Each structure stands twice: as structure tokens, then as C-alpha cells.
Amino acid sequence: VTIHYSAAASLKDTLTELAQNYQKTHHNTDIELDFAGSGQIKQKVLSGAPIDGVLTASKTDMQALTKTDKATHSQILLKNDLVVIQNKQAPQLKGTLKQQLTAANKIALGEPKLVPAGNYAMESLASLNLQLKDKFVYANDVRQVLAFVASGNAEIGFVYRTDAKISDKVRISAKVPAKTHSPIRYYVGVSATDKAKQQATQQFNHYLTGKPAQKIFKQAGFKMAN
Amino acid sequence: MTLAIAIHKQMNARQLNFTATLTEQIYGLMGPSGVGKTTLLRIIAGLTTAETGRITCQEQVWFDAAQKINLPPKTRRLGFMFQDLALFPHLTAQANIEFYRRLKAQPRQVDTEFEQQLITELELEAYLTRPVTQLSGGQRQRVALCRALISRPQLLLLDEPFTGLDDQLRQRAIDLTKNVLAKTPGTQVIIVSHRRDEITAFTDNILALER
Amino acid sequence: MTLAIAIHKQMNARQLNFTATLTEQIYGLMGPSGVGKTTLLRIIAGLTTAETGRITCQEQVWFDAAQKINLPPKTRRLGFMFQDLALFPHLTAQANIEFYRRLKAQPRQVDTEFEQQLITELELEAYLTRPVTQLSGGQRQRVALCRALISRPQLLLLDEPFTGLDDQLRQRAIDLTKNVLAKTPGTQVIIVSHRRDEITAFTDNILALER
Amino acid sequence: MPIIHSLIIAISATLITFLVALPVAYFLIRRHTHFGWVLESLLLLPLVLPPTVVGLFLLQLFGKFGFGGRFLALFHNYSLIFTLSGAVLATIIVVLPIMYQALKAALLSVDSNLIEAATVMGATPFETLRLVVIPNAYQGLIIGLLLTFCRGLGEFGASLMVAGYIEGKTDTIATSIYFSIQGGDTSTALLLSGVNILIGVCALLLIHLLNQQIERKKQQL
Amino acid sequence: MPIIHSLIIAISATLITFLVALPVAYFLIRRHTHFGWVLESLLLLPLVLPPTVVGLFLLQLFGKFGFGGRFLALFHNYSLIFTLSGAVLATIIVVLPIMYQALKAALLSVDSNLIEAATVMGATPFETLRLVVIPNAYQGLIIGLLLTFCRGLGEFGASLMVAGYIEGKTDTIATSIYFSIQGGDTSTALLLSGVNILIGVCALLLIHLLNQQIERKKQQL
Ligand SMILES: Nc1ncnc2c1ncn2[C@@H]1O[C@H](COP(=O)(O)OP(=O)(O)OP(=O)(O)O)[C@@H](O)[C@H]1O
Ligand SMILES: Nc1ncnc2c1ncn2[C@@H]1O[C@H](COP(=O)(O)OP(=O)(O)OP(=O)(O)O)[C@@H](O)[C@H]1O
Ligand code: MOO
Ligand SMILES: [Mg+2]
Ligand SMILES: [Mg+2]
């Protein structure tokens, strides 16, 4: 069977490798990997795109799917941390997260409705009691947050720990305490309507939670959910 | 052919009324500049629509303002040499002359011998393979004349066909046109000219437009 | 003005050699169709470049193939009536005639009285406000002639200026042109025509081009 | 593979839009209908909307629950989503306005005297188009083709939505560039950008040579 | 606000590209330089690349550490990034190829006899452009303006990269549509799409009326 698997864009390299490994041992399953933002994946499934497996970077997107029965067998796959980054060319930021944030002129973060990382950042800012709305520059995706910080025009930006690795022009200046936002979890789910595809997707999801897969995820900086 | 038309608006608010029954083969159309000669030919061809009137040709109604009949130009079986020639600038002289052959919807028999004769008489051989944009004024004039004559139409409309040619070429072109007309008695022709001698070389039937 | 030019390639591989010294005010240029009359005028105007030769006008070198001198047309102070008129289709007759006034770089004095006289003589008043695309062939011809005459150039080039006009208008246009030339003795003129009478009305200086 | 996919998409989108837009533009110029007015507005739509939105709309239309999707499903359960054909469709919709307007401009530039001359000689509208209008408008037509082709190469918003990014199946140069940038892989992104530019410049060169050919043919026959 | 921002961006990008592309196209058509060949290729670049990539490039160039950014910082520490001017710049780069090619097609359609006539009469190249070429090419020019304006309205990839999405400062209709759609707020997205279409249709209508005006002026003077 061929299954169409839509996954969060930030997992592109890792998941491509995993799918290749998987297909070496499971010759009768063809995996079509397709990448997009989590919000976009949700949109696609809701619009009736023939997607069999989903991997989203947020709980809310997965919930939107399970609520309408567009996805089943959802389960937590990975964990991640939220960090703030700064440009490597700028002097190392000092002080607590709160101080760093108040000192900045422009703060880059993902559009909260759209980018899960942006949403978590908003939660943290709320629980830290910071009113910084007029400093926000909303980005389309994580990459854009990185670009804004890399260009030096936003002093600080919110991204996941794993994303901070993408660009060599930024460094992590502070960790955002995990208790200030709801837990960052990656979810897998099954959206297939066809029996055989459902089964194949479930099998692949199961493989992702297994030991060999965990190793590769860890290499990319993710933490496993359990 | 019977004509009875009136047009006003599309002539810069001048007035053109024209009534005639054409029974002979050849007619000359004369009149001062701007009186409406070209406009009249365009109305006959169906390119301009008269405001009122009626045109019939060989029992067929071409135009009737009252009954809202207006036969499209392409079904009128015309040959038209335009005053400004309207040669196809992307084609060579030859391709312009032979344009009819490429029209499949309304094929006209063009026999090669006849074509060859026209080309020779109009001294066009040397220029056949040239794009018309590279021809001199007089050469273009002859290509346009040749294109109109070759079509063997039911009605041939020539708007100042011999203008811009030197005396010798003009005489040759006139003789040639006469020859062609003599060989195709089914073709009726209207020749516009500002020179009386050009018309009288063909006929005494002169349609005069006056202000 | 002295002329000594040769051109070959840009004439469809015909040959044009021409040498003359023009000392009189008015010259007629005659020759069979396609011999190179228009090409010669274009070379003088600087629109076509001769392959070899030299053109001088009033001590000024306009063109010299050997020295690679080629004065751009706009500095030659010309009036040119093109064989195909080249009227500006987006403008009215009046705006075409008065086009010179809108050129700031090289202003030429156009006096209103003189302009009015030209327009009246050429029977153009009624059409001044019309776009030239709506004029008849003969009307367009007169607009182009008027545009060329009004410019009071150093050198006036008229390519078949009287073609397509009826006898009465032609005579009027010839007389008018003669008048204008008489009043502006500084303007040298070359008139191309295929009719000898049109030339002899002006001058006996005929430049003949032969095959 | 992305290169081949991009070429397939850009070329077929260009050809299809050309064949669709040319008769429509020709027809609408000849007769000034009110219907044409509506059609022109419709044709502007994909231009004023972000490509992603166009893509989402197509996704909904051709998804499992959409009208188009259900219709296509009747044929062996066919689906456009996540296929190259879907990408072609998305690109077509995005580039159609550009093609249409460019062709319209080209057709408008043809002297109406020539069309009249052909009509009088008995040419049908189609013959007039083929024998007179197209050859005289070719400079403008070619520019329309170039614009459309290049925009088709660069388009990714709409086709990403409809066809996704499936390596070896629906990945194009543009989407690959996008994802390598997302992944921080700047060198691949630069390389692929270079490829796209090369293709664009080749298209330009081709047109240039073609033009020269035509001009030379005209001049030195 | 997004509406005003969009209008500012689309209108100024259209005007600026028009004023830049017109003389360049005119100059390159008149003289066939080799330099022109290079310039044309350069001008195609933003067309074959995804707008996001163009935006990323501009962000790097005009960012604090980029060459352009450092230069601009000399003037009262000015920065283009996260400003409306930045969005205008990004849009200009994206729409420039469309404007240029459309203008080129329009200029090419002008009869060279007319240009010769003007030259002989003593007109400078600029006067020829203003008095002869533009009035005779206006149909094509207007289509170029329309295409550019509408694409400017729909563009969001590049300008989002350069100007970000700052509510009340750099949000445009296109980015707002994008974000509301992604956020699942379909009704806002539909509303804003409607606004964009309306603006596009208004532009079309304006052009239509303008055309009619000109035609009428020509005919019933
Ligand atoms: N398209 C048009 N719209 C309005 N008026 C026009 C149009 N074409 C010609 N006219 C006007 O109609 C009148 C007749 O023009 P027409 O071309 O029929 O004259 P003509 O007899 O052929 O003259 P000529 O011998 O100068 O060619 C002229 O006054 C002219 O200005
Ligand atoms: N652009 C061009 N390229 C090549 N050959 C040309 C071009 N223009 C004209 N010719 C050729 O050059 C020759 C001279 O043309 P020209 O127009 O000077 O003739 P002419 O004497 O003005 O004739 P006419 O009285 O017919 O106007 C002709 O044989 C013509 O075919
Ligand atoms: O305007 Mo786009 O979606 O970046 O091609
Ligand atoms: Mg006439
Ligand atoms: Mg000549």
C-alpha cells in the first residue's frame, strides 16, 4: 500500500531518513512524505485532501482533527522546549528572560493562531505578566523568526530548541521555563479511511515511537514523550 | 447590383446619399477628396454600415437597414484594393499575392499561369521573395493590385489603384486590369480615381459623387 | 549641398550611386518605381545609412562614411514629407500640423498667420479637430504636406507630395508650396514625383535616377 | 527530479493557458460583450489573491468533499490532490491572468486594417487569427509566454497547497528551495535558485534567438 | 488598516516600477546593447524565484548586518526592515519583471515610422517617448499597470519576509487573508478576499472607463 503522510515541516530531514529506514524492512508499504506547517496540514485534512497519516507540532491542530473524527489513534510522539534566540553578531544578552525581553525593541515570534511556537510564546508572556504586544513582529513560520533574528532587526525571537540549530547565525540566549506554557508535544494520528492504509499508517506510527526511531529523533535534538 | 444608401455620422458629420443601379461591368467612381468614395466602397464591402438603405447584388440582399440584414464581408465574394493597400507586413510579396490560397473556408481557384502573367506584367518577379515592408511605394502598390486582381471575385473594388506609379507602369497596370476584366466577364468592378483619364481608359460609366 | 553616396545592401541588392552638388533652391527627383528615390531622401535625412560616401550641407559635414561621421537626423533641421505620410495616429489633424510647437529642444518659429494660411489653402479647416485616422486619403495627404511646409526647415524633402489629390487640389497644393518656398529662400527643397509636370511647375533642375 | 517536475509544470501550464487564453482574448476583443466584462474580472481574481489562498480554494474544490473532487472520483476514484496534475492545475490558475492580459495587449496591437483586409478576402475569424493576427502580434505573444513560463517556475504557494511536497513525486524547484531554506540548507537553496535562473535565462535566450531568426528571415530572404 | 497599507504598497510599487521600467525598456529597445541582455536576465530573476526567497535575500541585504542595511543606518539610523517602505521595496522587486516585460511589449508595438517621423522633426528621444510612443502604446501600458497593480495587491511572500506582520503597521490585505485562513478564520478571509477583488475590479473598471473616454474623445471630437 501507499500511504500519504503529512508532517510538520520542521521534521523534514529526520522523518525522511526514518521513512527510508522503515521502507527497507517493510517492502509492501510505500510512504509518500509531504511537509507543511501544522496549521496547513490541519487545513488540508479538513479540506478533504487524501492524507493517511499526520504528524503535527501542536496539540490544538491534532485536537481539531480528532474532534471531527478526521483523525484517530492520536498519540504523543515527541517533546520540545521553547527558547529565545539572539543574533551571534550581537553582544551576548545578559540577565533573566524577563529582562532580555523588556530590553528588546522588536521580538519575533510565529503568528500565534498559525504557528504553534508562537502560541506557546504568547502563553509564556502572559504568565510572566509581560505586556509587549507593540514589540511583536509576527512571522509566517519558524524559519522566518530565524531570518528576522539573523538579519539583526529583531533582537530576540521565540523558537523551539531544535529550530535554533538550523541557523548558524543565532544562539540561544535563554530558555523559556516549561511551566509558563502548556507542554510542547508532537502528535501522530491516522486519517486514512481505507482499512489497509489505516493499518499501514498505524504500523509506521508505532515504528516512530520505537527504539531505533528514538535514536534518530534524539540526534536532531528532540526529546521523546515517554 | 442596386445601391441606395445614406450615411452621415461615420463621415465626420458630412452627408453621403447614393443611389444607383449598376448593370454594366465597369464603373468609375469620381469626386473631390473627402466626398465619400472610400466610404462608399467600404459600405459595399460591408466594412462600414450605412445608416439607412439597401444593397442587393445578383438577386441577393447584402444589406437592408430596415430589415437589419447585413451580410458579413467574407460571404460577399469581393476583391478589394484598399487606398492604403493594407498589405500583410509579415509576409513576402508572393505570400501577400497568394494569400487566397491559404484560406480554406472560401477557396478561390487561382491558376498559376494567370498568376505568373500578372506578376510579370507588373514587374514584380524580382521582389516576390521580399517582405513587403522592404518594397518601395510603387512596388507595394503593384503587389496590392495584383492581390486584388488575382482573386477573381464577384465584385472588384479598386480604390485609387494606379496612384503613385510612373506613366509607363500606370499604362501597363491599366492594360493589365482591362485584360483581366475582359477575361472574367462575371466580375463587376468599381474603380475609384481622381484622374478622369484613368477611368475613361476603361469605361464611360462614371459615378460622380458631389459635395 | 553636396552628395556622393553609394548604397547596395539595404536596397534589396539593387545598386544606388548618386553624386550631385545642389546649388539651386529647388530640385525635382525623378526615376522609375523602385529605383531608390525614397532611399536617397532617407539617406539625406540620416534615417538610412549609406555604405560609402559623403554628404555636406552648408559647410557642415552631415555624413562621411570614411570618417564615421553621421549627424543624427534631429540636428539636420529637416522637413520631411514621407511617401506613406507617417502622421501620428493618436493626434488630430491640427495637433499633427502643430507638432513642432511641442518640441522644446529644437524650437522652430511657427507664426500663426502663416499656419492659418496653409490650412485655408489646403482646405483643412473643417477637419482640424478630427483625429487623422478619420480622414480620407486626400485629407491625410494634405495634413502631411502642411506639417512639412510649416516647419521652415533648412532642407525640405517631399516624397510624392501631390499624389492622390484631384487636379484642382493638386494645383492649389503646388501653388501653395511654390509660395512658401518663395517666401523662405533659405529653404532648399527636393521634390520626388513620378509626374514630370509636377516637377516642371517648380523648376527645370531635375535629378534623374536610372536603373 | 524537482527540475523535471518544475519543467513539466511550467511548460504545460504555459501551453494550456496559452491555448485557453488566446481564443478567449481574441473573441472578447472582436465583440464587446457584457459577458466579457464579467469574465475579465473573474480572470483577475487569482492575481489579487495570495497564491496560497488560491491553492486552498482549489484544495477544497477538488478535495474529497468538494464538488470537483467528487466528480473526478467517479473516474476510477481519481484525485488531483497530491499529484503533479494538481500542481499543473494550481499553476494554471495562478498564471492565467498574466497570460490573458499579455495576450490581450498583443492582440490589441495588431492594425485593424489588416484584419479588415483578411475578412474581405473571405478569411474566417480563426483563419484571420492564425494567418494575420498571430504573426503580427508575435512579439507580444512571446513576451506573454515568457512571463507566464517564468512565473510558473517561481510559483509555489498554490501548488504546494494542492500537490504538497512529496519528494520524487511533486517536489518542484521552487518548493525545494522553500524547504531547503526552512531547513537551513542555504547551499542547496542557492544551487536550486541558480538552476531556476538558468532555466529562465535559457528561455530568454531561446526567445532572443527565435526573434533574431525571424528578423533575419525577414531581412535577408 | 490592512486595506490602506495594501493600497499604499500596490500603488507606490506600481508607480515606481513604471517610472523605472519605462525608460529602461525604451532605451534597451532603441539600442541593442549587450548590456541590455544582462539586464534583462537580471530582471527575470525575481520572477523565477519564489517570492519568499526574494524576501529573504532582501532581508539579508537590508538587515542590520547587510550591506544595504548598514548603508541606510548612516541616515539617522534608518532601517527598511519591519516598515511599510520595506514592504514597498519587496513588492517592487517582485513585480518589476512583470512591469518591464509588459512595457517592453507595449513599446515594441509602436510603428517605427512614427518614431522616425518624430526624430526627423527634431524630437529628442525623451520627447519622442512622451509625445509619440506613450500615446500610441497606451493600451499595452495600461495593461502593464493593471497586471502590476493586481499582482502587487496579491503579493505577500516577499513583503512578509521584509516587513513582517505587525498589526497596525505593516499588515496588508494579502497577509491578513493568509493569516486568517491559516488560523481557520474563514469568514474574515472571505471578507478580505472580497475587498481585494473589489479593489482589483475597481482598477479594471477605471481602466475600462479611461479607455472608453479616450476612444470617445477620438471619435466624437
Ligand atoms: N472612420 C471615420 N470616422 C469618421 N469620419 C470619417 C472616417 N473615415 C472617413 N471619414 C470622413 O468621411 C468623409 C469621406 O471620407 P472618404 O475616405 O470616403 O473620402 P474619399 O472620397 O475617399 O476621399 P479621398 O479621395 O481623399 O480618399 C471625409 O470627410 C472623412 O473625413
Ligand atoms: N528597408 C528596405 N530594405 C531592403 N530593401 C529596401 C528597403 N526599402 C526599399 N528597398 C528596396 O530598395 C529599392 C529602392 O526603394 P525606394 O523606396 O527608394 O524606391 P523609390 O524610388 O522610392 O520607388 P517608388 O517610386 O516606388 O516609391 C527598391 O528596390 C526596394 O525594394
Ligand atoms: O506570493 Mo507567493 O505565495 O510567495 O508565490
Ligand atoms: Mg479615399
Ligand atoms: Mg518611394
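Values as computed for the structure displayed
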quantity	calculated
Number of the condition not met by A:Asp69 [criteria: (1) open to solvent by 20 Å² or more (accessible area, probe 1.4 Å); (2) within 14 Å of chain D (Cβ to nearest Cβ); (3) assigned to a helix (DSSP H, G or I)]	(3)
Number of the exception - C:Thr129 against (1) more than 20 Å from C:Gln94 (Cα to Cα); (2) of a type outside the set (A, V, I, L, M, F, W, C); (3) touching a strand residue (DSSP E or B) at 6+ places or on another chain (Cβ under 9 Å)	(1)
Entirely in segment C:121-211, the helices (runs of 4 or more DSSP H) that have 3 or more residues that are open to solvent by 50 Å² or more (accessible area, probe 1.4 Å), hydrophobic (A, V, I, L, M, F, W, C) and within 16 Å of ligand 5 (Cβ to nearest atom)	none
Residue satisfying condition, being within 13 Å of A:Leu82 (Cβ to Cβ) and of a type in the set (A, V, I, L, M, F, W, C), within set A:Ala164, A:Ala154, A:Ala126, A:Ala150	A:Ala164
C:Arg54 vs. criteria closer than 13 Å to C:Ile7 by Cα, of a type outside the set (Gly, Ala, Ser) and touching an Asp or Glu at 6+ places or on another chain (Cβ under 8 Å)	yes
In segment A:127-185, the residues that are assigned to a strand (DSSP E or B) and free of Cβ contacts under 8 Å to residues at least 60 places away in the same chain	A:Phe136, A:Val137, A:Tyr138, A:Ala139
Which numbered condition D:Gly164 misses (of (1) open to solvent by less than 10 Å² (accessible area, probe 1.4 Å); (2) out of contact with any strand residue (DSSP E or B) (no Cβ under 8 Å at 6 or more places or on another chain); (3) facing another protein chain (nearest Cβ under 7 Å))	(2)
Test for A:Leu93: is it farther than 27 Å from E:Tyr178 by Cβ and in contact with a Ser or Thr (Cβ under 8 Å, 6 or more places away or on another chain)	yes
Residue ID - surrounded by the fewest Cβ atoms within 10 Å (Cβ to Cβ), chosen from residues in segment D:106-133 that are away from chain E (no Cβ under 14 Å) and in contact (Cβ under 8 Å) with a residue 24 or more places away in the chain	D:Pro125
Enumeration of residues in segment A:87-121 that are in a helix (DSSP H, G or I) and open to solvent by less than 60 Å² (accessible area, probe 1.4 Å)	A:Leu97, A:Gln100, A:Leu101, A:Pro116, A:Ala117, A:Gly118, A:Asn119, A:Tyr120, A:Ala121
Residue that is among the basic types (Lys, Arg), open to solvent by 20 Å² or more (accessible area, probe 1.4 Å), out of contact with any helix residue (DSSP H, G or I) (no Cβ under 9 Å at 6 or more places or on another chain) and within 26 Å of D:Ile214 (Cα to Cα), where the choices are B:Arg101, B:Arg54	B:Arg101
Selection status of E:Phe149, in contact (Cβ under 8 Å) with a residue 40 or more places away in the chain and either more than 9 Å from chain A (Cβ to nearest Cβ) or assigned to a helix (DSSP H, G or I) (or both)	yes
Selection within segment B:177-194 - out of contact with any strand residue (DSSP E or B) (no Cβ under 8 Å at 6 or more places or on another chain) and in contact (Cβ under 8 Å) with a residue 12 or more places away in the chain	B:Lys178, B:Val180, B:Thr184, B:Pro185, B:Gly186
Checking B:Glu123 against (1) under 21 Å from B:Thr187 (Cα atoms); (2) out of contact with any helix residue (DSSP H, G or I) (no Cβ under 6 Å at 6 or more places or on another chain), the condition it does not meet	(1)
Residue in segment C:123-130 that is away from chain B (no Cβ under 11 Å) and farther than 30 Å from C:His8 by Cα present	yes
Residue match in segment C:8-28 (condition: within 24 Å of C:Arg140 (Cβ to Cβ), in contact (Cβ under 8 Å) with a residue 40 or more places away in the chain and in contact with a helix residue (DSSP H, G or I) (Cβ under 7 Å, 6 or more places away or on another chain))	yes
Condition broken by C:Ile69, with the remaining ones in (1) within 16 Å of ligand 1 (Cβ to nearest atom); (2) without any contact (Cβ under 8 Å) to a residue 24 or more places away in the chain; (3) touching a strand residue (DSSP E or B) at 6+ places or on another chain (Cβ under 6 Å) satisfied	(1)
Residues within segment E:6-49 that are open to solvent by less than 10 Å² (accessible area, probe 1.4 Å) and more than 15 Å from the chain's Cα centre (by Cα), tallied	2
Number of positions in segment A:101-138 that are in contact with a Phe, Trp or Tyr (Cβ under 7 Å, 6 or more places away or on another chain) and modelled with pLDDT under 80	2
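The values are calculated or read from the model by the stated rules, or taken from the named source; none is laboratory data. Predicted, not measured: the structure shown is a model, and the values here were computed from it. Cβ: placed from backbone, ideal geometry, glycine included. Neighbour counts: every protein chain shown. Ligands, DNA and RNA are excluded from the accessible area calculation, which covers all protein heavy atoms including side chains. Shrake-Rupley method; radii C 1.70, N 1.55, O 1.52, S 1.80 Å.
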